[in-house]
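Everything below concerns the one structure shown next.
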Amino acid sequence: MRLCAAACIAFIWSGGACAGYVPRSALDEAVRIAAVTAKSAPDESTLAARLDAARLSAVSDPLPAEAELQQTLLRLREAIAPQAATRMQVEALTDYSPQTYTDALDDERARGGLTVPAFEIAATARGTLRRWDKAAHRAALVSALRRGDLEALRAIDDAAAWREQIAVASDAELLLLRSADSADPGVRSALALRLGDTSLARDVLRAPATPAGLTLLAALPEAFESTVALTLLNDPDLDSGYRSAARLAMSRLVWSAETQQALLAGLGDADGASSAQALARDPRNLPALRRIIADAPDDLSLRRALLALHWMEDAGASATLAAFSHDPAQPASLRAEVSQWLR
Amino acid sequence: MAALSRVTAALLFSVTATAAAQVLTLTEDSYGDTLVPLGYPVPLPVDSQTPVDGFRRYAALQARLDELALSSDSIREQTIGQTLAQRPITAVQLSDADALTAEGFAEPAALINGGIHAREWGSPEVVAALVEHYAERQNDGGLYRYLLDNLNLIVIPVLNVDGFLQTQRYPDTFLQTEYSGDPTPADLSAEPAEYRNYPRDGRFRRKNMRNVDETLCAAGSTGCVADGMLGVDLNRNNTHAFASGNQNSNASGSLVYHGVSAASEPEIQALYAAGNLGPAARLRLYVDTHTFSRVYYGVNTGRTRRDALARALAQRMSAATGGVDRYPYNPTPAGQGIGSTDERFAYDYQIPAYTLELEPSANGGSDYGSFGYHHDGFVLPASEIARVREEITAANTVGLYRMAGPPSLIAAQVRRVDSDLLVYDARWMRDGSTRALTQFGDGNLEPGVAYRLWLAFNKPMRWRDPQTQAITQFIGQSIDLAPQIALTGRDAGGAAFSFALATTAEGWRATPPGTSAGCLRYADDAYQVVFTLPTGSPAIEARRLQLAVTATDFTGQALDTNPATVADWAGGWANYEDDAGRADTDVGGSDRTLVLVDDGSSAAAGGSGGGGSVGLGSSLTLLLAAWLRRQRAQKSRGKPRLQ
């Protein structure tokens, strides 16, 4: 499908026109007719029959056929338990190559005619299948949980369905799901949050960073008691891809001297700027930052403390920066930078 | 930029949507009346300063830039304006402190913009990645140091700050509406029909926040203002072709509302202010980064050379992403326009200027297995952005490197291998706004003696694989990795000769300047070979003997054949001579300016010779005495080096 689209786009750019090109006005009418037809279908069998017919007629008359394919697929999404034959028909459409092209709804359209498939048949078929699959997997999960069947649970390889089930599972079901020991980081994260399982959370955050792990990390301050969350966020074995986010997440913990100390201790390291931003989010950290600037334990810590004041929306922080910029004992380059901020 | 969407699903949605205006929620694969299943996880902003598999929250992204600026002498932040909500708009300047190239000429500039359209989250990530990439490599002594020293690069990661924050405020929620469902604009007829039933606000806000509050609100809701359609399309608010073409609207609710007047919006004024940091007259490249459709939109201004160079450059940049046609070039015909930023920079400065549409392709989220929602192309899966960052950083690097200027051969030395004795030394030195050649040595070569030839250029000429340290093609480029070196001239009897020099390559020089057989200024700006002339070679005791060097930079840009006149940009390359000595062809050629033995017959053999005789007569005389003194000193010390 993409190859065909690309070829057509290239052809249009070279000044030609695709064989399957249709203007928008023709599309509007085709979709209207197809939508009415799809809605009027009394049952799944009728819709399935129309899929077949439309697919065949797409060869000779692609515009109305593709409109009907699309509308019929959408209507079929409502089927609860589709027949095997219907499913096969939809599966066959997931690699459908579009025949009809039109202008993109593109504000740059005047620039030379970016032409795209008029109907996303394959994508719509994917969506229909996914809706069916997920419903089936959710049902299977519920059934397996009711039976306490660990092996059946493990056989259901659908992380999204798992996550949805985890969101509504009882405590006993959660423990069963935990025992199934899914390797999916999204599932593990969801379980860690629902169960308050620090061990599981730690494992996820020590493994190579994933979007799901980042979601878990962002949820820790609310999901765990502050001291527990601090331990997880300040774990020295955290994957490097999580470290900046972990420092920033610390700013959402209930303020404490321990959290402040953890952030101050990290000011001079590779993620010190993230510590600085976390510290900047609470003016109660201002006195400690002032001490860092006065003591200047090392150049990096000094710079990050200055950044923290720069980011802190607080008059006291600004006053400290102003004093720094006028202090001839401070490094000239830093004073110049700070003066720039104050302007 | 591109409010690109597939017709299909837009129309489908008009069938299934019941209300004229709806607040909808993106989901991975959950279905419902107000749910829009994408087919992949919905990315949420990540509170991380460092790059992640995802899209960073604005505050963290900005903090990252602050940190990089504070920790590097080559990175500075400039406040270039304020948004309507009085938030600062920040440009990052990547450059050394002076405005001069390493040779002392006026530095060129480039401007790369991001985040003009709020919902195009890939853009700030990609533009910020350029800053991060260069910051990490600023002390590489090679390509990146060269770019920082010789170019004033201005980068705006997020221009439409207010709008971007609005999309991050509602990362999975948006207002979609048909026009009739929202406040009716004064001039409904001005709205192009295809912009109806579009997502307008929340995650899919495109415009700035003029006359818009931060609440997402459908018409008919109580307790909030249904202002989601308002705002100005900043990519229609520009001074060139303002309110022109059919992709504009003067209706304030339109997705492509151009505003009350050209450059009325503070964001656009800030963009122009950023260009002035160049300064504007020194700009050579502009890239406005958008999503989606994977294309370099461009502008033909009607100047043939500029237009051809802009096309060639786009193709080079595209190649760095994985193929010449991966990001095809698609320029607006000359004379047409829509009021976009690339048009403004293209016409006002006659430079290559692009609207770069990141991936996905025009197929939208289908490229990643989406379920076909018409605007899913604006929601790049989090798992894809790291790759896109890398690809576009490579593409931008190609553009910056190429527009930094064509290569010139600016120094050469010939030494005997056995004694390291310098027999020829030449260097083009800045002389005001031009270069003057100084060269000394008798240049007479003996048969059967091995000589080492060292050639140095005004830019790093090759790319070195960071892992293996081997010279290799820069991503997507394809060039001859070794220069071609020939000797031309007239033999002892006066007959013309020209032959390729048989050499043993010692390769591009990565060792620092000043070290044995090192580079001139930057890693891989110099190349070294060993050669031996056989008895009977016409070059032995030649009346005239000159080098002919053919090489390209790593993007395939050939040598300026006359280094005396320094190449610059003037709607095409100026002073960039070809083999015929013409400076209006933009192709360059072979350098024949270095004359080892001079019989006074300028460019007697092998082409124009360019500026081969510039400054030679007087400087040769003046330097001969110094060279002889140095030779004596070298002999007394054993194996001297001049580098």
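Some points to look at:
- Wholly enclosed helices (runs of 4 or more DSSP H) of region A:197-316 bearing at least 3 residues in contact with a Leu (Cβ under 9 Å, 6 or more places away or on another chain) and of a type in the set (Gly, Ala, Ser): A:211-223, A:240-250, A:272-280, A:299-311
- Any chance B:GLY337 is assigned to a loop (DSSP other than H, G, I, E, B), out of contact with any helix residue (DSSP H, G or I) (no Cβ under 6 Å at 6 or more places or on another chain) and not β-branched (Val, Ile, Thr): no
- Test: residue in region A:218-228 that is more than 27 Å from the chain's Cα centre (by Cα) and of a type outside the set (Lys, Arg): yes
- Residues being modelled with pLDDT of 50 or more, buried (at least 24 other Cβ atoms within 10 Å of the Cβ) and within 7 Å of another protein chain (Cβ to nearest Cβ) - total across region A:100-113: 1
- Candidate set from region A:304-318 (those that are more than 12 Å from chain B (Cβ to nearest Cβ) and of a type outside the set (A, V, I, L, M, F, W, C)); member that is nearest to B:LEU70 (Cα to Cα): A:SER318
- The set of residues from region B:142-160 being basic (Lys, Arg) and closer than 19 Å to B:HIS290 by Cβ is empty.
- Exclusive hit being closer than 21 Å to B:GLU384 by Cα, among the acidic types (Asp, Glu) and within 12 Å of another protein chain (Cβ to nearest Cβ), set B:ASP342, B:ASP325: B:ASP325
- Taking the criterion of being β-branched (Val, Ile, Thr) and over 21 Å from B:PRO460 (Cα atoms), the residues of region B:531-553 that qualify are B:THR532, B:THR535, B:ILE540.
- When restricted to residues that are within 30 Å of B:ALA312 (Cα to Cα) and part of a strand (DSSP E or B), region B:538-562 contains 7.
- Total residues in region B:37-82, condition outside any loop (DSSP other than H, G, I, E, B), hydrophobic (A, V, I, L, M, F, W, C) and farther than 20 Å from B:LEU165 by Cβ: 4
- Counting only residues that are at positive phi and either in a loop (DSSP other than H, G, I, E, B) or surrounded by fewer than 24 Cβ atoms within 10 Å (Cβ to Cβ) (or both), region B:360-392 holds 2 of them.
- Only one entry of A:LEU195, A:LEU230, A:LEU217 meets the criterion of being crowded, with 16+ Cβ neighbours inside 10 Å and in contact with a Phe, Trp or Tyr (Cβ under 6 Å, 6 or more places away or on another chain), and that entry is A:LEU217.
- Hey, B:GLY104 surrounded by fewer than 22 Cβ atoms within 10 Å (Cβ to Cβ), at positive phi and assigned by TED's automatic domain parsing to the domain that holds B:VAL256 or not: yes
- Taking (1) within 30 Å of A:TYR242 (Cβ to Cβ); (2) within 14 Å of chain A (Cβ to nearest Cβ) in turn, B:LEU94 satisfies each apart from (2).
- Under the condition of being facing chain A (nearest Cβ under 7 Å) and over 22 Å from A:ARG131 (Cα atoms), the residues counted in region B:362-381 number 1.
- Qualifying strands (runs of 3 or more DSSP E) (wholly inside region B:496-537; at least 2 residues being open to solvent by 60 Å² or more (accessible area, probe 1.4 Å)): B:496-500, B:503-508
- Once region B:470-495 is narrowed to residues that are in a strand (DSSP E or B) and farther than 30 Å from B:PRO538 by Cα, the residue that is nearest to the chain's Cα centre (by Cα) is B:THR472.
- Residues that are out of contact with any strand residue (DSSP E or B) (no Cβ under 9 Å at 6 or more places or on another chain) and more than 9 Å from chain A (Cβ to nearest Cβ) within region B:52-76 comprise B:TYR58, B:LEU61, listed in sequence order.
- Here region A:166-182 is the region considered, the condition is being open to solvent by less than 10 Å² (accessible area, probe 1.4 Å) and either of a type in the set (Ser, Thr, Tyr) or under 22 Å from A:ARG131 (Cα atoms) (or both), and the residue that is farthest from the other protein chains (Cβ to nearest Cβ) is A:ALA169.
- Qualifying helices (runs of 4 or more DSSP H) (wholly inside region A:35-94; at least 3 residues being open to solvent by less than 30 Å² (accessible area, probe 1.4 Å)): A:44-57, A:62-76
- Every residue from region B:225-241 that is in contact with a Lys or Arg (Cβ under 8 Å, 6 or more places away or on another chain) and assigned to a loop (DSSP other than H, G, I, E, B): B:GLY228, B:MET229, B:LEU230, B:GLY231, B:VAL232, B:ASP233, B:ASN238, B:THR239, B:HIS240
- Flag if B:THR79 is within 13 Å of chain A (Cβ to nearest Cβ), closer than 30 Å to B:GLU265 by Cβ and not basic (Lys, Arg): yes
- Residue count, region B:442-471 (criterion: of a type in the set (S, T, N, Q) and either surrounded by 15 or more Cβ atoms within 10 Å (Cβ to Cβ) or outside the structural domain of B:VAL423 (by TED's automatic domain parsing) (or both)): 1
- Among residues of region B:583-603 that are more than 15 Å from B:LEU409 (Cα to Cα) and in the same structural domain as B:PRO352 (by TED's automatic domain parsing), none has a Cβ under 9 angstrom from a residue that is among the acidic types (Asp, Glu) and open to solvent by 20 Å² or more (accessible area, probe 1.4 Å) at a sequence gap of 6+ or on a separate chain.
The values are calculated or read from the model by the stated rules, or taken from the named source; none is laboratory data. Being a predicted model, the structure only gives us computed values, none of them experimental. Positions of Cβ are generated from backbone atoms using ideal geometry, with glycine treated the same way; all protein chains shown enter the neighbour counts. Side chains included, ligands, DNA and RNA excluded: accessible areas come from the protein's heavy atoms. Shrake-Rupley method; radii C 1.70, N 1.55, O 1.52, S 1.80 Å.
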